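The values are calculated or read from the model by the stated rules, or taken from the named source; none is laboratory data. Just so you know, these numbers come straight off a predicted model, no measurement behind them. Neighbour counts run over all protein chains shown; Cβ positions are idealised from the backbone, glycine included. Accessible surface areas use protein heavy atoms only, side chains included; no ligands, DNA or RNA. Shrake-Rupley method; radii C 1.70, N 1.55, O 1.52, S 1.80 Å.
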Amino acid sequence: NDPNGMFYKDGVYHLYFQYNPYGSMWGNMHWGHSTSTDLTHWNYEGVALAPDAWGAIFSGSCVVDKENTPGFGKDAVIAFYTSAKPSPWGDVQSQSMAYSLDNGKTFTKYEHNPILTSTERDFRDPKVFWYAPSKHWVLVLNERDGHSIYTSSNLKDWKYESHVTGFWECPELFELPVDGDKNHTKWVMYGATGTYMLGSFDGKVFTPEAGKYCYT
């Protein structure tokens with residue numbers, strides 16, 4: 001379940017997904033990996049990320065780092081995912097990072113994981129993207145009762161910026177042209193329940209312009 005870390009590089013589409021290699025039921029969560037050249041026919045490429053001491057591999061995202069901002073290598077594929085470790089009080093969730101130098105086939109986990117921790121029970125599903133106007137990275141994370149926004153210059157050190165209530169899991173934040181006009185855009189914040197808000201985004205704060213909508 002949960003497609004993760006989709007990206008396109010060198011003529012190939014990559015898709016990762018939450019995956020239990022030991023059975024058909026949910027559990028033992030890994031990231032499986034599939035590739036395609038046409039988005040219709042897919043080849044299974046095996047397990048990309050497996051659980052470790054920090055826990056099982058929950059949902060996240062990938063970026064292609066064209067500027068080598070963390071120093072892993074130019075055009076490295078960098079995955080961000082939630083590490084979920086069971087405890088008597090429920091999963092302890094933190095955010096981790098791994099990088100690939102072979103176009104997403106194999107990953108090396110960052111030696112200083114986790115990159116973000118919290119005492120919150122709901123703290124997962126990092127969505128990372130580059131915000132060009134301010135030349136920094138943005139991480140949107142499901143946290144508490146909504147989505148939190150963090151920023152970084154190097155993908156390793158993150159600063160909390162703001163929070164928007166009313167969303168649940170698997171966040172998205174993206175810019176779209178209005179009626180095809182690239183000079184007139186809106187930002188969309190989205191959650192896994194199918195709800196979204198339209199508004200503006202300055203690289204640190206998402207400002208809704210109206211109430212929450214439900215996609216049907």
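Ordered by residue, what ³J(HN,Hα) values in Hz, to whole numbers, does the range 171-177 give under the Karplus form 6.51 cos²θ - 1.76 cosθ + 1.60, where θ = phi - 60° and Gly and Pro are x?
Going residue by residue, I get x, 9, 9, 8, 9, 10, x Hz, with x marking Gly and Pro.
Under a cut-off of 17 Å between alpha-carbon atoms, report the aspartates and glutamates in cross-link reach of Lys156, not counting same-chain residues fewer than 8 places apart.
Asp65, Glu67, Asp75, Glu111, Asp125
Pop a pseudo-label 7 angstrom from the Cα along the beta-carbon direction at both Lys186 and Val12 and give the gap in nm to one decimal.
Between Lys186 and Val12, the label points sit 3.8 nm apart.
Residue separation times 0.36 nm, minus the C-alpha to C-alpha distance between Val178 and Arg144: what's the value? Show your work: numbers first, answer last.
Numbers: separation 34, 0.36 × 34 = 12.24 nm, distance 3.12 nm.
Computed gain between Val178 and Arg144 is 9.1 nm.
How large is the dipole of the chain about the Cα centre if only Lys and Arg carry +1 and Asp and Glu carry -1, each at its Cβ, rounded to the nearest 20 debye?
On the way: 17 positive and 25 negative charges, 50 e Å.
In total the dipole reaches around 240 debye.
Can you give the longest run of the chain that contains no chymotrypsin sites (Phe, Trp or Tyr not before Pro) sitting in a DSSP loop with at most 15 other Cβ atoms inside 10 Å?
On the way: sites that count: Tyr22, Trp26, Trp42, Trp89, Tyr215.
Longest gap between qualifying sites, sites excluded: 90-214.
Any idea what the dipole of the range 98-137 comes to, in debye rounded to 20, about its Cα centre with Lys/Arg Cβ at +1 and Asp/Glu Cβ at -1? Write down the numbers at each step before the final one.
On the way: 6 positive and 5 negative charges, 20 e Å.
Here the size comes out at about 100 debye.
Carbon and sulfur: what percent of the range 69-131's accessible surface (1.4 Å probe)?
On the way: 1470 of 2970 Å².
The value for the range 69-131 is 50 percent carbon and sulfur by accessible area.
How would you classify the range 36-102 from its alpha-carbon gyration tensor, with a ≥ b ≥ c the square roots of the eigenvalues: rounded for a/c under 1.5, else prolate if a/b is greater than b/c, otherwise oblate?
On the way: a/c = 2.75, a/b = 1.42, b/c = 1.93.
Here the range 36-102 falls in the oblate category.
Run the simple label-point estimate for Ala53 and Asn1 please: 7 Å along Cα→C-beta, distance reported in nm.
3.0 nm
Taking a probe of 1.4 Å, how large is the accessible area per residue of the chain, in Å²? Write out the running numbers ahead of the final one.
On the way: 11100 Å² over 216 residues.
Spelled out: the 1.4 Å probe surface of the chain, per residue, equals 51 Å².
Counting GluC sites (Glu not before Pro) as exposed when in a DSSP loop with at most 16 other beta carbons within 10 Å, what is the longest stretch of the chain free of them? Please list the in-between numbers first.
Numbers: sites that count: Glu67, Glu111, Glu120, Glu169, Glu209.
Formally, the longest exposed-site-free interval is 1-66.
What does the charge count around Ser61 come to, taking other residues whose C-beta lies under 15 Å from its C-beta (Lys +1, Arg +1, Asp -1, Glu -1)? The partial results should precede the final answer.
Working: positive: Lys9, Arg124, Lys127; negative: Asp2, Asp65, Asp125, Glu169, Glu172.
Here the charged neighbours net out to -2.
If you build a Gaussian network model of the chain, linking Cα atoms that sit under 10 Å apart, which residue out of Ser87, Ser34, Ser59 swings the most?
Evaluated over the chain, the most mobile residue of the options is Ser87.
Mind counting lysine pairs for me in the range 1-146? Cα separation below 21 Å, and the two need to be 8 or more apart along the chain or on different chains.
Counting lysine pairs in the range 1-146 gives 19.
Is the shape of the range 7-152 best called rounded, prolate or oblate, per the rule: a/c under 1.5 gives rounded, else a/b larger than b/c gives prolate, else oblate, with a ≥ b ≥ c the square roots of the Cα gyration tensor eigenvalues?
Working: a/c = 1.75, a/b = 1.11, b/c = 1.57.
It comes out oblate by the Cα gyration axes.
Classify the range 82-216 as rounded, prolate or oblate from the Cα gyration tensor: take a ≥ b ≥ c as the square roots of its eigenvalues, call it rounded if a/c is under 1.5, otherwise prolate when a/b beats b/c and oblate if not.
Details: a/c = 1.98, a/b = 1.35, b/c = 1.47.
Oblate, since a/c reaches 1.5 and b/c is not below a/b.
Do any trypsin sites (Lys or Arg not before Pro) in the range 42-111 lie in a DSSP loop with no more than 14 other beta carbon atoms within 10 Å, and if so, which?
Details: sites: Lys66, Lys74, Lys105, Lys109; in loops: Lys66, Lys74, Lys105.
When the trypsin sites (Lys or Arg not before Pro) of the range 42-111 are filtered for loop state and at most 14 Cβ neighbours within 10 Å, Lys66, Lys74, Lys105 remain.
Using +1 at the C-beta of Lys and Arg and -1 at the C-beta of Asp and Glu, which of Gly180, Pro3, Val164 has the Cα lying farthest in the positive direction of the dipole of the chain?
Going by the Cα projections, it comes out as Val164.
In sequence order, what are the phi-derived ³J(HN,Hα) couplings for the range 158-167 according to the Karplus relation 6.51 cos²θ - 1.76 cosθ + 1.60 with θ = phi - 60°, rounded to whole Hz, with x for glycine and proline?
In residue order, the calculated couplings are 10, 10, 5, 10, 6, 8, 10, 7, x, 10 Hz.
Work out how much length Tyr44 to Leu101 would gain on full extension: take 0.36 nm times their residue separation and subtract the Cα-Cα distance, in nm to one decimal. Before the final figure, lay out each step's value.
Working: separation 57, 0.36 × 57 = 20.52 nm, distance 1.92 nm.
Extra length available between Tyr44 and Leu101 comes to 18.6 nm.
Step through the residues of the range 135-140 one at a time and calculate ³J(HN,Hα) from phi using the Karplus curve (6.51 cos²θ - 1.76 cosθ + 1.60, θ = phi - 60°), rounding each to whole Hz and writing x for Gly and Pro.
6, 9, 8, 10, 10, 9
Can you find, among Thr193, Leu39, Pro86, the residue farthest towards the positive end of the dipole of the chain? Put +1 on the C-beta of Lys and Arg, -1 on that of Asp and Glu.
Of the listed residues, the answer is Pro86.
Using +1 on the beta carbon of Lys and Arg, -1 on that of Asp and Glu, and nothing else charged, what's the dipole of the range 118-202 about the Cα centre, debye to 20?
Details: 9 positive and 13 negative charges, 47 e Å.
Using only the charged Cβ atoms, the result is roughly 220 debye.
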